[in-house]
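In what follows, a single structure is set out as structure tokens and then discussed.
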Amino acid sequence: MKDKQTTLDSAISTYTLNNLPNGVFITDVSKEIVYCNDYFSTELEWEPDALIGKSADIIFTLASKVFYQTYLIPTLLHEKICEEMQLTMINGKGIRIPITVNVKSDNAGLIYWSFFNATKRDKLYEELIQARETLEQQAEQLKLLASTDELTTLLNRREMKYRSTLAIELAVRSHHSVALIQLDIDHFKKVNDVYGHPEGDRVLKELGIRLKEFSRKTDLVSRFGGEEFLILLNDTNQQDAILFCQRLHQLIGEVKAGENYIKASIGLTISTPDSIFKTLYAEVDAALYKAKESGRNKTELYNRTGIKNINSMP
């Protein structure tokens, strides 16, 4: 036990500030450096003669000098200690180095400085920022994938139901009406059978792009399943909705599948002050079924007193 204590006492007696893995210097009442340990020469490439007798300002960047003079020194005068200040110093070769500084003053006016190189910390911080940005981008991509149809990039069925429910609730509160439109490509199975599924996918994708460009930014456009598309027109009355559907037939008729132009049947319904999505969807689905049953390539309006044919396209 005695031998261990002797060894410990001997190690302590030979231990100096030059053994510390950080920079240390002392400044006097005039803020001049009166001592610096070997860390400044071995790690920071400063020659001792270039520091001793010089103002502590010499090792700081301009911004850090301002912080040092306007905050660090006043804090020392008031509290005698200032911990974990983030500054930037210049090494003996003029290279900027981020540092963490702990400073303490005594009653004689001497200030004791301890510098820790924060380069690795800043690098780690940058890596963490980059990792966070990457995760945020991935989260946005996942959110997009979860809400859109992969083929057409339109809203998918789940997202359409969610957003339509909110839009209808808002319309009811603001005493506005919305129009719900469901369209189904006529005889789309033949497109796949005759031209193959790749051509069918191309047709759906092209139609999706055209529907999105044709609609307003405030409208909701979705691929609701298979060859069915559901569109919600915000703040739209019956007359404007009918006109929209007429133009929609013309738009659809510009899309070719193989050598033939496609056609579609359309169902339309207009909201009432007590509408909910479930009810409106049942109405527009019934109108679409009527359009299919009565010859296809036409729009049927659900008017609650009976489904009414709006037009028939040649």
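Only the coordinates and a few stated rules stand behind these numbers; no lab work does. Being a predicted model, the structure only gives us computed values, none of them experimental. FYI the Cβ positions are ideal-geometry reconstructions off the backbone, even for glycines, and counts take in every protein chain you see.
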query = Within the set 205/290; 161/263; 161/256; 190/217; 263/290, which residue pairs have Cα atoms separated by over 22 Å?
reply = 205/290; 161/263; 161/256; 190/217
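Give me Rg/Rg_expected for the stretch 215-303, where Rg uses Cα atoms only and Rg_expected = 2.2 N^0.38 Å with N residues.
Details: Rg = 13.2 Å, N = 89, 2.2 N^0.38 = 12.1 Å.
For the stretch 215-303, the normalised Cα radius of gyration comes out at 1.09.
Of the GluC sites (Glu not before Pro) in the stretch 146-199, which ones lie in a loop per DSSP and count no more than 11 other C-beta atoms within 10 Å? All intermediate terms of the calculation are to be shown ahead of the outcome.
Details: sites: 150, 159, 169, 199; in loops: 150.
When the GluC sites (Glu not before Pro) of the stretch 146-199 are filtered for loop state and at most 11 Cβ neighbours within 10 Å, 150 remain.
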query = Relative to the longest principal axis of the chain, what angle (0 to 90°, nearest 10) does the C-alpha long axis of helix 157-173 take?
reply = 80
ask   = Within the stretch 2-122, how many lysine pairs that are 8 or more places apart, or on different chains, have C-alpha atoms less than 18 Å apart?
value = 8
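For the chain, report the translational diffusion coefficient in µm²/s to the nearest whole number, using Stokes-Einstein at 25 °C, 0.890 mPa s, and a Kirkwood Rh over Cα pairs. Mind dumping the intermediate values first?
Details: Rh = 26.1 Å.
Calculated translational D: 94 µm²/s.
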query = Using modelled backbone amide H atoms (1.01 Å from N, in-plane), which distant-in-sequence or interchain residues come within less than 5 Å of residue 186's amide H?
reply = 263, 264, 265
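Across all directions of projection, what mean area in square nanometres is found for the Cα convex hull of the stretch 2-122?
Averaging across all directions leaves 9.0 nm² for the Cα convex hull.
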ask   = So for the stretch 102-254, Kirkwood radius off the Cα pairs, Stokes-Einstein at 10 °C and 1.306 mPa s: how many µm² s⁻¹?
value = 80
note = Whole-Å distance linking the alpha carbon centroid of the stretch 13-62 with that of the stretch 153-230 is 71
ask   = What ranking, highest mean first, results for peptides 30-37, 264-271, 79-86 when packing means the other Cβ atoms within 10 Å averaged over each residue?
value = 264-271, 30-37, 79-86
Neighbourhood charge, 13 Å Cβ-Cβ cut-off, centred on residue 95 and excluding it, Lys, Arg +1 and Asp, Glu -1 = 0
query = If you take the alpha carbon radius of gyration of the stretch 165-314 and divide it by 2.2 N^0.38 Å, what ratio comes out, to two decimals?
reply = 1.02
task = Provide, in order from the shortest bin, the percent of all Cα-Cα pairs of the stretch 50-181 in each 10 Å bin, continuing until the bin that contains the maximum pair distance.
result = 10, 24, 17, 10, 9, 15, 12, 4, 0
